[in-house]
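Throughout, read-outs are computed from the coordinates displayed, never taken from laboratory work. Note that the structure is a prediction, hence the values are computed from the model and not measured. Quick reminder, even Gly has a Cβ in these numbers, built from the backbone with ideal geometry, and neighbours come from all protein chains shown.
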Amino acid sequence: MLSIHTIKKWLIVAFLPVTIFAQNKDSLRASALNLKGNTTPDYFEISKNLDIFNAVYRELNVSYVDGTKPGQLMKTGIDAMLLSLDPYTNYYTENDIEDFRYMTTGEYGGIGASVNDINGKIMIADPAEGFAAYKAGIRAGDQIVGINGVNVEGKRTDEIGPLLKGQAGTPIKLKIIKAGESVATEYNLTREEIRSKAVPYSGVLPNGETGYIKLVSFTDNCSNEVKDALLSLKGKGCKNIVLDLRGNLGGLLHEAVNIVNFFIEKGQEVVFTKGKVTDWDKTYIAMNNPIDTQIPLVVLVDENSASASEIVSGALQDLDRAVIIGKRTYGKGLVQQTKDLAYNSKIKITVAKYYIPSGRCVQALDYSNKDEEGRVEKVPDSLITAFKTKGGRVVYDGAGVMPDVKTSDENYSNVLISLISKFHIFNYATQYYLSHPQIPSVQEFSLSQADYDNFATWLKDKDYSYKTRSELELLDLKNNAEKEKFYADIKAEYEALVAKINSNKKDDLINHKAEIKKYLEEEIASRYYFQKGRIEFSLKNDMDLKEAVRLVTDNNKIKIILTTSDKAIKPFNIKKRF
């Protein structure tokens, strides 16, 4: 049943939109005329289209034959409007605020566990140590069948999230079928303020002299987590540092500036921004005394390192302070600002582009020039411009941050992808956990041949089939041959090829044992040692990290990389290009 507050809000929006939008138009005009003396030539066009939008929205809510849901209708219209811009300009309703808060702060009200939809069942995937679900004994592989008296069997994870989240301190009743059991048990929990760590793991690597810091997000206060980890590692005698930004999609710009500041002199420019509104023409400098400007530093990045991750890696590269290792980064050189709207809603708007110390912008896609079908093209090679680092090394704009040392892509076998996507590795880890009360430490844990054989036996009645590219192309060949009436002539050869491929696939578990075993061990380790253990175990077989350690412990090699230059390119202090 709708609350009186909701009904009143909808009535106001549906039947009195002119007043609301008139206020917004006045505000818009005031903003448009207050851009440090600049005026917008589009004011009449904006005003006219607001009137048209008001009229359409009002008529739909008053006259449409089947009735409308005003709030949903408005959000659909807003989302469609923003879709024509870039993917980072977003509207958040009052119901979305908890997700928005988590994105910016790493905090939310809930039970402290992620969930997966596995074959129509809502399963606990990763309980966070120390929070409500963990303290109640809820573990990965447990199934949620009820929340506050609501049967959630058959529901999707996006339907479950809002039921699990809520204000800290509020009660929540879960009905759980524990892994290995068939009868549900009720758990009375209290939601807590959950804060995900921006640095879920840091430690001294096995060589005894390299400190490792994993930073997964640029949420509020993450720089203090990095600072604490860095000081702790230095206190343990670490002589060099690896900062891992792989998979880090970014976040708060000022936190990125703070982290760069740990490694460079006070007063050095880190990044500057430029937008349509001159208020966004800002320069961000290192405001504090550094922690260590000399310790050898390597930054790991990949194709999912974006935004603030690219500010950190790009600025340290431009200032010749760190060697960047990995894959070319995502290429997001855009800055967003969040503005409060009526009824506890918000809008996040792209307001500027950012430029790192050499003057380059790493933005890879030009959202201002979409084609007629709404597709966005990458910045063409002809517009890619060379810039100079502080020491004269050549770097380029327009396509993310290119690592100083590029590592090869890891190719995953089809069988591994199938085992992961069909949750067989996840489910077997649950079975292993139930039958093994404890395992050795993360560094010592390894599955025996007997364990792996048991996994292969367990898989015998499971479906982990997949189609190889060769099979798909053969199927296309068959379909085309049938249409063209000559399949009968090639049938024998076709069936022989298919049989050969299927025969080879039977040996998948043997041929890809090392790869499968690695991911199986990692999933099992996470059942005993949780997220920290998952990360620590993954580092044992991390080829990019091994390359980083090899390089960071070779001061001569780092010096060569950071001092190699091309004097034919313009010097470092070129004018900033917009």
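Once the Cβ-Cβ distance of T278 and E410 is raised to the sixth power relative to R0 = 56 Å, the FRET efficiency obtained is 0.80. With each label modelled as a point 7 angstrom along the Cα→C-beta vector, the D476-N304 pair spans 2.8 nm.
Size estimate for the range 148-286 follows the Kirkwood approach: the inverse of mean 1/r over distinct Cα pairs works out to 19.1 Å.
Over the chain, dividing the summed -39,500 (n - 2.57) contributions of all DSSP H runs of at least 4 residues by the number of residues returns a 222 nm mean residue ellipticity of -12500 deg cm²/dmol. Projected onto planes of every orientation and averaged, the convex hull of the alpha-carbon atoms in the range 107-195 covers 5.0 nm². Considering only alpha-carbon pairs that sit under 8 angstrom and 6 or more positions apart, the relative contact order computed for the range 276-394 is 22 percent. The relative contact order of the chain comes to 11 percent, based on Cα pairs under 8 Å that sit 6 or more residues apart. Length gained on full extension, Q72 to S448, computed as 0.36 nm times the residue gap minus the Cα-Cα distance: 129.9 nm. The length gained on full extension between T157 and A514, counted as 0.36 nm times the residue separation minus their Cα-Cα distance, comes to 125.3 nm.
Of all aspartates and glutamates in the structure, the ones whose alpha carbon falls short of 17 Å from that of K483, not counting any fewer than 8 places away in one chain, are E473.
Between I560 and K236, the modelled label-to-label distance comes to 3.1 nm, taking each label 7 Å out from Cα in the direction of the beta carbon. For the range 393-450, applying the loop criterion from DSSP together with a ceiling of 15 other beta carbons within 10 Å to the chymotrypsin sites (Phe, Trp or Tyr not before Pro) yields Y412. Our estimate of slack between D99 and L83, defined as 0.36 nm per intervening residue step minus the Cα-Cα distance, is 3.8 nm.
Contact order for the range 107-195, expressed relative to its length and based on alpha carbon pairs under 8 Å spaced 6+ residues apart, stands at 34 percent. Amide H to amide H, with H built 1.01 Å from N, A113 comes under 5 Å of A128, counting only residues 5 or more places away or on other chains. Each peptide in 59-65, 168-174 receives the mean, over its residues, of other Cβ atoms within 10 Å, and ordering these scores from highest gives 168-174, 59-65. The antiparallel fraction among DSSP beta bridges confined to the range 294-375 stands at about 65%. Computed from the C-beta positions of I46 and K173 and an R0 of 45 Å, the FRET efficiency is 0.35 to the nearest 0.05. What the Cβ-Cβ distance of T338 and M543 gives, at R0 = 45 Å and to the nearest 0.05, is a FRET efficiency of 0.70. The fewest-to-most ranking of L475, L252 by surrounding Cβ atoms within 10 Å reads L475, L252. Number of Lys pairs in the range 335-435 with C-alpha atoms less than 18 angstrom apart, excluding same-chain neighbours closer than eight positions? Total qualifying Lys-Lys pairs in the range 335-435 comes to 5.
When you work out D = kT/(6 pi eta Rh) for the chain at 10 °C and 1.306 mPa s, using the Kirkwood radius from C-alpha pairs as Rh and the Stokes-Einstein form, the result is 57 µm²/s.
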